[in-house]
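Notes follow once the structure below has been shown.
Please treat every number below as a calculation from the coordinates, not as lab data. What you see is a predicted model, and the numbers here were worked out from it, not measured in a lab. For neighbour counting, all protein chains shown are included, and Cβ atoms are generated from backbone atoms with ideal geometry for every residue, glycine included.
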There are 2 protein chains.
Amino acid sequence: MNNQIKVAIVGYGNLGRGVELSILKNPDISLVAVFSRRDPKSVTTINTPVFSLDNILDYKDKVDVLILCGGSKDDLPIQGPLFAEHFNIVDSYDNHAKIPEYFENVDKSCQKNKKIGMISVGWDPGMFSINRLYGEALLPDGDTYTFWGKGLSQGHSDAIRRVNGVKAGVQYTIPSNDAITKVRSGVRPTLSTKDKHTRECFVVLNDDADAKKVENEIKTMPNYFEPYDTTVNFISQEEFDKNHNTMPHGGFVIRSGKSSDSVNQVIEYALKLDSNPEFTASVLVAYARATHKMALKGEFGAKTVFDVAPILLSSKSPIQLVKELL
Amino acid sequence: MNNQIKVAIVGYGNLGRGVELSILKNPDISLVAVFSRRDPKSVTTINTPVFSLDNILDYKDKVDVLILCGGSKDDLPIQGPLFAEHFNIVDSYDNHAKIPEYFENVDKSCQKNKKIGMISVGWDPGMFSINRLYGEALLPDGDTYTFWGKGLSQGHSDAIRRVNGVKAGVQYTIPSNDAITKVRSGVRPTLSTKDKHTRECFVVLNDDADAKKVENEIKTMPNYFEPYDTTVNFISQEEFDKNHNTMPHGGFVIRSGKSSDSVNQVIEYALKLDSNPEFTASVLVAYARATHKMALKGEFGAKTVFDVAPILLSSKSPIQLVKELL
């Protein structure tokens, strides 16, 4: 198909591979290239050609949308502003505190050649953000609750693995059922992140490690674990390899509000994801479609999921959507 | 505030009253008038002046958005096209099968004076439609399930009340827990509307009525009750007045799909509403805000919730939304 949307990926880790998988499910989109900092010969994709990131500018007229699949800590702060000068980009920048600054930087680059920089796409930020906005707009007299999990937290798993004596480890964030039940009931409790979640760790020890000491060091680690109800389970490498090799995640955004003095209304959005990176990738791909449509209409600058009308995400025609989904 | 959005209501029943209540919660919007077919003196609002519908055109330059609160069967098919010629309108037209035809008719009127006709706003059609679209766009390899209830169905309650011997009656649509559990698990069963719901009726009999006959007539009523698992409970007028005087509703939109061959992802949107008309009204008011913003940008024609970027629904500034909700 000649009218397919031409997408390329920068960075081929779990997220990049997820984008490649997602595009296989979207026949109106074609993946024309993967760009990597690694030696292209060392990168094995499903069926997409790999090129060196050094040559990416040679492709600026052959790519409609570039999906950045690097990390928010080191990659995106550089790559977002760099590539938004020459490409329409979509990324999953998720450092909440620094999003306004990142937005500014990407926007400045976008203005140079009228490109679109669609930032912070995924599920949180992303679909959860949209639902926080919808909830507040529909029920202005209310409270919004975001719960995460059950899911594997990359940052907390990394923190465990830095503890002396730990050979392998993962951490699952678990939302509190009590808190969710209370919020769903229409009560509007005051809940800290700690009240809403517990943390469960699965750790493989080095042969000479002191289990008590490792457990204590994890549980008292400030910010990461210290204020939380944390459980540490020691398991064998075999069990670890068998049961903790996937990246499930999910969560809930609940808006509880009153439409009049004694009338409660509760809106809930929930995700149950077998693979966090594959779902994030699926969202990136749908927003790549929207970005292309917005670019065709002459829009440019930094954008977020808030700026995207639902209709732009679909491959179906407006009339088909009204008939089938409205 | 002089920069408030000026809204007026056509029709003051449960929905119109809900819009008045919702606007009290939205300080950036002011309700300038209620228009009614009834004698204005006979209509008691909370604190909004009432005018005869006959004089509505006198107000066409004093109203930013007109919210039509009439019924989809008899009122909106006439009022939508009639008023969209002179006002930006928002309505909750919900006759799914006839939406494409209604869209066309409203669109034609909108073109005459470049007005916006925002049709079929509410929760189904409305928020549920948006979630059906999001679900399909994010997980193209999947199935969407819409469940309604637990909630009072006006149409089925009306049908019960037409049965000989029935003094008063209501019908609640109840979603099947088994079906919801199955869908949430990531299995993708084939389910008819009948498989997904049961119907529960509460009936007050006339003194001389034959309960067995009434029950049988309800349960065998084609389309309304016949294919469904229906329960009929006979109660006293006192119990009816005490326990069945509110209009709760709600439901679920669940998208279950695969991002790759063995990876399930489940998205769920759920509403639990103490008052169906008040929630629908809250949605109408948020979309009135969006309609006003779109009109200021020069947009016109018939629109649906699919055309509205989330950002347009909020009274907050773009930068505030990025900081607080993204």
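Within region B:60-110, take every residue that is among the basic types (Lys, Arg) and under 19 Å from residue B:125 (Cα atoms) and give me the one that is farthest from the chain's Cα centre (by Cα). Please lay out each step first, then the result.
The initial filter retains those residues of region B:60-110 that are among the basic types (Lys, Arg), namely B:60, B:62, B:73, B:98, B:108.
This time we only want the ones that are under 19 Å from residue B:125 (Cα atoms), so: B:73, B:98.
Values: B:73: 14, B:98: 15 Å.
The qualifying residue farthest from the chain's Cα centre (by Cα) is B:98.
Hey, residue B:81 hits all of (1) within 14 Å of chain A (Cβ to nearest Cβ); (2) in contact with a helix residue (DSSP H, G or I) (Cβ under 6 Å, 6 or more places away or on another chain); (3) assigned to a helix (DSSP H, G or I) but one; which does it fall short on?
For residue B:81, the failing item is (1).
If a residue must be in contact (Cβ under 8 Å) with a residue 24 or more places away in the chain and touching a helix residue (DSSP H, G or I) at 6+ places or on another chain (Cβ under 8 Å), how many such residues does region A:109-152 contain? Before the answer, list the steps.
Taking region A:109-152 first, the residues in contact (Cβ under 8 Å) with a residue 24 or more places away in the chain are A:109-136, A:138-152.
Next cut, touching a helix residue (DSSP H, G or I) at 6+ places or on another chain (Cβ under 8 Å) only: A:109, A:115-123, A:125-127, A:129-130, A:133-134, A:138-139, A:142, A:144-147, A:151-152.
Residues meeting the conditions: 26.
Checking the structure you have, find out if any residue of region A:94-114 is basic (Lys, Arg) and either surrounded by 23 or more Cβ atoms within 10 Å (Cβ to Cβ) or within 9 Å of chain B (Cβ to nearest Cβ) (or both).
Residues of region A:94-114 that are basic (Lys, Arg), as a first pass: A:98, A:108, A:112, A:114.
The next check asks that each one be either surrounded by 23 or more Cβ atoms within 10 Å (Cβ to Cβ) or within 9 Å of chain B (Cβ to nearest Cβ) (or both); those that pass are none.
No: region A:94-114 contains no residue that is basic (Lys, Arg) and either surrounded by 23 or more Cβ atoms within 10 Å (Cβ to Cβ) or within 9 Å of chain B (Cβ to nearest Cβ) (or both).
Have a look at B:270, B:309 and point out the one that is among the aliphatic types (A, V, I, L, M) and farther than 23 Å from residue B:118 by Cα. Walk me through how you get there before you give the answer.
Details: B:309 fails: farther than 23 Å from residue B:118 by Cα.
Within the list B:270, B:309, the selection yields B:270.
Only residues that are in contact with a helix residue (DSSP H, G or I) (Cβ under 6 Å, 6 or more places away or on another chain) and either of a type in the set (Ser, Thr, Tyr) or assigned to a strand (DSSP E or B) (or both): list them for region A:206-233, please.
Once the filter is applied, which keeps residues that are in contact with a helix residue (DSSP H, G or I) (Cβ under 6 Å, 6 or more places away or on another chain) and either of a type in the set (Ser, Thr, Tyr) or assigned to a strand (DSSP E or B) (or both), region A:206-233 yields A:224, A:228, A:230, A:232.
I need a count of the residues in region A:153-172 that are touching a strand residue (DSSP E or B) at 6+ places or on another chain (Cβ under 6 Å) and not small (Gly, Ala, Ser).
8
Looking at this structure, is residue A:282 surrounded by fewer than 23 Cβ atoms within 10 Å (Cβ to Cβ), over 25 Å from residue B:314 (Cβ atoms) and facing chain B (nearest Cβ under 9 Å)?
Values: surrounded by fewer than 23 Cβ atoms within 10 Å (Cβ to Cβ): no; over 25 Å from residue B:314 (Cβ atoms): yes; facing chain B (nearest Cβ under 9 Å): yes.
No: the conditions fail for residue A:282.
Looking for something part of a helix (DSSP H, G or I), among the basic types (Lys, Arg), more than 11 Å from chain B (Cβ to nearest Cβ) and surrounded by fewer than 20 Cβ atoms within 10 Å (Cβ to Cβ) - is there at least one such residue anywhere in region A:239-253? Talk me through it step by step, then tell me what you get.
Kept after step one, since they are part of a helix (DSSP H, G or I), are these residues of region A:239-253: A:239-243.
So of that shortlist, the ones also among the basic types (Lys, Arg) come out as A:242.
Subsequent filtering for residues that are more than 11 Å from chain B (Cβ to nearest Cβ) retains A:242.
If we keep only those that are surrounded by fewer than 20 Cβ atoms within 10 Å (Cβ to Cβ) too, we end up with A:242.
Yes, some residue in region A:239-253 is part of a helix (DSSP H, G or I), among the basic types (Lys, Arg), more than 11 Å from chain B (Cβ to nearest Cβ) and surrounded by fewer than 20 Cβ atoms within 10 Å (Cβ to Cβ).
Only residues that are within 23 Å of residue B:192 (Cβ to Cβ), assigned to a strand (DSSP E or B) and not aromatic (Phe, Trp, Tyr): list them for region B:101-160, please. Please lay out each step first, then the result.
First, the residues of region B:101-160 that are within 23 Å of residue B:192 (Cβ to Cβ): B:123-125, B:128-129, B:131-133, B:135-136, B:139, B:141-157, B:159-160.
Retained after the next criterion (residues that are assigned to a strand (DSSP E or B)): B:123, B:142-148, B:151-152.
Selection gives B:142, B:143, B:144, B:146, B:151, B:152.
When region B:1-22 is examined, which residues are found to be within 14 Å of residue B:280 (Cβ to Cβ) and within 14 Å of chain A (Cβ to nearest Cβ)?
Quick first cut of region B:1-22, residues within 14 Å of residue B:280 (Cβ to Cβ) only: B:9, B:11, B:13-22.
Those that are within 14 Å of residue B:280 (Cβ to Cβ) and within 14 Å of chain A (Cβ to nearest Cβ): B:14, B:15, B:16, B:17, B:18, B:19, B:20, B:21, B:22.
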